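Below is one structure, written out as structure tokens; comments come after it.
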Amino acid sequence: MRNVQLLQLTQVFLFIHSGFAQADFGPFFYDNGPYSKNGNMALFSLSEDTPIGSQIYCLNGTDPEGSTVTYGLSFEPGSKKYFSVNPNTGIITLIEALDREKQDSIDVLVSISDGQSQVEERVTVFVMDTNDEKPEFLNLPGMTSVLETTESESSIYRVEAVDRDTGSGGSVTYFLQNPLASLFTIDRYSGILKIKSGETLDYEKTKTHFVTVIAKDGGGNYNGKEQFLSSSATLTIHIVDAQDTPPVFMGTPYFGYVYEVTSPGSEIFNVQAKDGDVGSPNSVVYSFEEGDDGVFSINKFSGHITLLTSPADLRREIFNIRVRATEVNEGGDLLEHSSTTVVIRVVDLNNNPPTFYGESGRQNMFELTMYEHPAEGEILRGLRITVNDSDQGANAKFNLRLIGPSRMLKVVPQTVLNEAQVTILVEDSAAIDYERHHFLTFKLLALEVDTPERFSATADIVIHLLDTNDNAPKFSAEYYIARIPENSPGGTNVVTVTATDPDSGPWGDVTYSLYGSGADLFLIQPTSGIIYTQAWASLDAEVRSKYNFYVKAEDAEGKYSVTEVFVTVLDLNDHPPAFNQNLMEKTMVIGAPVKIEAVDDDAEIPNNVIEYTIMKTEPNANIFDIDADTGEINLKSYIKSMAIIQNITNKRDSSWSLVVQARDRGQPSFSTTAVVKIDITEATRLSGGPLSTMIMQSRTNPLHILGMLGGAICLLVLVTVIISTVMFMRNKKTNRILPNRRVRRRKPQQQNSWINSPFRRQDPDKFKVEEPESAPAVENVNYNNNVVRIWPPPPCAPSLPPPPPPSLPRDRQWTVPTVSAHVPVPKPRKRPPSNQQDPVNRALVSELKLRLEQKRINNQ
């Protein structure tokens, strides 16, 4: 307040002075109070979590003369600069991080200047606290010691932690990590650590406890959000041992032995005990409680048990002696004690190993001769073996084991006490096989079970096997595949089959034989297994190329096995290709191929694969190509018309003769030639719409043309029947018969039909074949399809189509075998209305009407 008064007096003085000095008044700040963010920054406060670069305040002032003012900001020398100011706008920016715990207020010199005079003020900026500090432990990590007899709920330690924040952020509460598993608890406000109610400490169980304490503040605002901070530290608690545990015997249970050779005064056993309180253990002394019968003594300090008499004078086999261990303090007072039992057994000395005996006494080798594959479970009665151990009790107990090839035999019994008769049984009959082993060797082992010496004895068993016929012959392969060329002479070897019989003597001899539907042409040598062809056999792959039959291998007693033999007759190239005719006549339309075909009777490729070539042409101008695989003969690709051919050959003749060769691909290769006479013609078009086009496309297939004609006829008949039926039903309804009824038909409209009926009368000049002027006029007769069907005239038909022109076979020339030709389009001409109806159709309708009328009359 005093500073404010001095500031005001200074301003009054400056005002009076400036009034006298040409009225130059100094600039001044606006004082807007402590809660404003513009003015002179008086009593301004700022949160310590304000980010660097934030605009925190705006200096604001004026000059009485209205001059432009600038602003300044400075700090005391040596102090840290936290703010910067824009001299023109007065905006103050934070340039250093704030920390209230290090500095809670900042002194700043702010100034305002109009260029002539400058006013400077000292202000204090207060730094406000946020929750940015974690609690800090004052005495942790740390350790303490606690006596194991400390009672529950006793206080054992006080944890202290402080938080430098103010308000709720500076308050601290305490917690334990994993409180349920801990033996301790802590007061959340005072930090006092106690033993949990109902829990006790035990040095013998756990000598050290590690307790993690968490200190947590009350939370507070930080960066606009509420934040809780915590810290943790570990307290190590050492448990101090107390004398509360009796002595503990080491290495229990205790067993001692007195042997028949033990002398009096010998140490039998030694017991050892120690104080259960290992932190500060007391000494231990030993004594007998009961069961020693006066024949044993114990050393008070060492625990050694000694035999006082001869083993022969002992009246019991087992002694159960109770031994006591007692704690003794430094004053010699007897404290807590504990007891245990020492079992001492009087045992016979194990000095006799097991021994094997035969019929004549002690024996280590046993032999037997028998046939292979005895029945399982059968006793080998030729072996008479006895085993004995002269010791007594556990020293005379031993196990028997048979050591040898894979579980063939089994020994009974397997555990023996003192003495037993040994029995050998057959366990795996199939493994006792003469073909595998002519003799078998086993070792019979007797091994003591419960003795430390583990004495043992062995005896050798040798079994000589005799053979039986237990095997059938076996082929070397499941099946045999053989190949033999056709036309091989009789007696040619085909394949050798092999079967073996592992039995000895005549049982191992094998005889072969053939059977099966495919074995007629083959024989087999009975002893060697060589299969060969019959002397009269002739193999031909074209007739039959595959044979299969069976071979039986049989021993002397009829045991046998069977295998299958597959014989393939290999094809040889023994047939040349053959044409159906040596001279073939073909007609070729330019643009369409002519195909020839030869057949090779060989059975397999490449012997029956044929290649075609043109060897010679007459005239000698090669205008043809032939497909080597299919035999299709085509004109050269550049030949499109007869004119090109005539230009090449300079002849008007269109007939050609080709010598074509058909060669197979076998080794050696065979070939055949044939002469193909080809008449070349040019395709022409017929007028008449799609039907004519279809006929032209089928000109090389007469059956196709006949099929189309037959279909058209059937369609016409079907239409006629339907019309007649309709008319009959109509007349039946009217109950009148009008045989001579005149039917008026409408004048048909002129239309272009795309189907021309084959029965419609055609203009004889409609089809014309254009021929070269120089060629003689001949009839266009198709001798490949020279069957012309002329329909008989129906009754009452007004007229018939004109008959085809007569053909003279003697005048035949090599012309185009087709009815195709270039048809000149005739000019349309009008027909009389009375002749619009097709005469054939009229005749058919009239005939049907007459028949229906006659049937009607007959029914009446």
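Bear in mind these aren't lab numbers, they're just calculated from the coordinates by the rules spelled out. Small disclaimer: the values here were computed from a predicted structure and weren't measured. For neighbour counting, all protein chains shown are included, and Cβ atoms are generated from backbone atoms with ideal geometry for every residue, glycine included.
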Quiz item: If amide H atoms are built 1.01 Å from N in the plane of the peptide, which residues on other chains or at least 5 residues away come under 5 Å of the amide H of ILE268?
Solution: ILE305, THR306, LEU307
Quiz item: At a Förster distance of 60 Å, what's the computed FRET efficiency of VAL240 paired with ARG316, Cβ-Cβ distance as r, to 0.05?
Solution: 0.80
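How much length is gained if the chain between THR468 and ILE192 is pulled fully straight, taking 0.36 nm per residue apart and subtracting their Cα-Cα distance, in nm to one decimal?
Fully extending the segment from THR468 to ILE192 adds 89.6 nm.
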Quiz item: Any idea how far apart THR500 and ILE644 come out in nm if each label point goes 7 Å out from Cα toward Cβ?
Solution: 7.6 nm
Self-check item: Low-density loop cleavage sites - trypsin sites (Lys or Arg not before Pro) in the range 343-418, where at most 11 other Cβ are within 10 Å (DSSP)
Solution: ARG381, ARG407
Quiz item: Could you give the nm distance between label points at PHE728 and ASP348, where each point is 7 Å from its Cα heading toward the beta carbon?
Solution: 13.0 nm
Quiz prompt | Kirkwood-Stokes translational diffusion coefficient of the range 355-466, alpha-carbon pairs, 37 °C, 0.692 mPa s, µm²/s | solution = 226 µm²/s
Practice problem: Set the Förster radius R0 to 60 Å, insert the Cβ-Cβ distance between VAL261 and THR149 as r into 1/(1 + (r/R0)^6), and round the FRET efficiency to 0.05. | Solution: 0.65
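How far, in nm, would the chain grow between ASN859 and SER105 when pulled straight, counting 0.36 nm per residue and subtracting the alpha carbon separation? Could you put the intermediate results ahead of the total?
Details: separation 754, 0.36 × 754 = 271.44 nm, distance 14.19 nm.
Taking ASN859 through SER105 to full extension adds about 257.3 nm, to one decimal.
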Quiz prompt | Cα-based Rg / Dmax (Å) for the range 12-155 | solution = 24.7, 96
Quiz item: If the cut-off is 18 Å between C-alpha atoms, which lysines fall inside it for LYS559, apart from same-chain ones fewer than 8 positions away?
Solution: LYS474
Quiz item: Where a Cα-Cα gap under 24 Å defines reach, which lysines qualify for LYS677, not counting those fewer than 8 residues away within the same chain?
Solution: LYS586, LYS595, LYS616, LYS636, LYS640, LYS651
Quiz item: Residue by residue through the range 520-525, which ³J(HN,Hα) values in whole Hz follow from phi under the Karplus form 6.51 cos²θ - 1.76 cosθ + 1.60 (θ = phi - 60°), with glycine and proline marked x?
Solution: 5, 8, 10, 10, 9, 6
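For the range 248-347, would you read off the P(r) tail past 20 Å as a percentage of all alpha carbon pairs? Walk me through the numbers before you get to the answer.
On the way: 1850 of 4950 pairs.
In whole percent, the long-distance tail amounts to 37.
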Quiz item: For TYR560 and VAL599, what does the FRET efficiency come to when R0 = 51 Å and r is the distance between their Cβ atoms, rounded to the nearest 0.05?
Solution: 0.60
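Test of understanding: ordering TRP536, TRP656, TRP507 by Cβ neighbours within 10 Å, fewest first, what list do you get? Before the final figure, lay out each step's value.
On the way: TRP536 8, TRP656 22, TRP507 18.
Result, fewest neighbours first: TRP536, TRP507, TRP656.
If you rank ILE52, ILE531 by fewest surrounding Cβ atoms within 10 Å, what's the result? The partial results should precede the final answer.
Details: ILE52 11, ILE531 24.
By the 10 Å Cβ count, ascending, the order reads ILE52, ILE531.
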Quiz item: So, in nm, how far is label ALA628 from label ARG851 when the simple model puts each one 7 Å beyond its Cα toward the Cβ?
Solution: 6.3 nm
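What percent does the relative contact order of the range 267-402 come to when contacts are Cα pairs within less than 8 Å and at least six residues apart?
Contact order relative to length: 19 percent.
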Quiz item: Amide H to amide H under 5 Å from VAL495: which residues, 5+ apart in sequence or cross-chain, H placed 1.01 Å off N in plane?
Solution: ILE531
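Could you work out how much longer the chain between THR458 and LEU583 gets when fully extended? Use 0.36 nm per residue separation minus the Cα distance between them, nm to one decimal.
Working: separation 125, 0.36 × 125 = 45.00 nm, distance 10.15 nm.
Once the chain is fully extended between THR458 and LEU583, it gains 34.9 nm.
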Quiz item: So which of LYS194/LYS274; LYS196/LYS216; LYS397/LYS443 end up more than 26 Å apart by C-alpha?
Solution: LYS194/LYS274
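For each of ILE95, ILE424, count neighbouring Cβ atoms within 10 Å of the residue's Cβ, then give the residues from fewest to most.
Working: ILE95 12, ILE424 23.
With the sparsest Cβ surroundings first, the list reads ILE95, ILE424.
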Practice problem: Would you please give the residues with an amide H less than 5 Å from that of PHE670, counting only those at least 5 places away or on a separate chain, with H modeled from the backbone geometry? | Solution: ASP664
Quiz item: Near LYS80, which lysines are there with a Cα under 30 Å away, not counting those fewer than 8 places off in the same chain?
Solution: LYS37, LYS102, LYS134, LYS225
Self-check item: Note, ³J(HN,Hα) from phi for the range 260-265, Karplus 6.51, -1.76, 1.60, rounded to Hz, x at Gly and Pro
Solution: 5, 9, 5, 9, x, x
Practice problem: Please turn the phi angles of the range 41-55 into ³J(HN,Hα) values with the Karplus equation 6.51 cos²θ - 1.76 cosθ + 1.60 (θ = phi - 60°), one per residue in order, whole Hz, x for glycine and proline. | Solution: 6, 6, 6, 7, 10, 9, 6, 6, 8, 5, x, 5, x, 6, 8
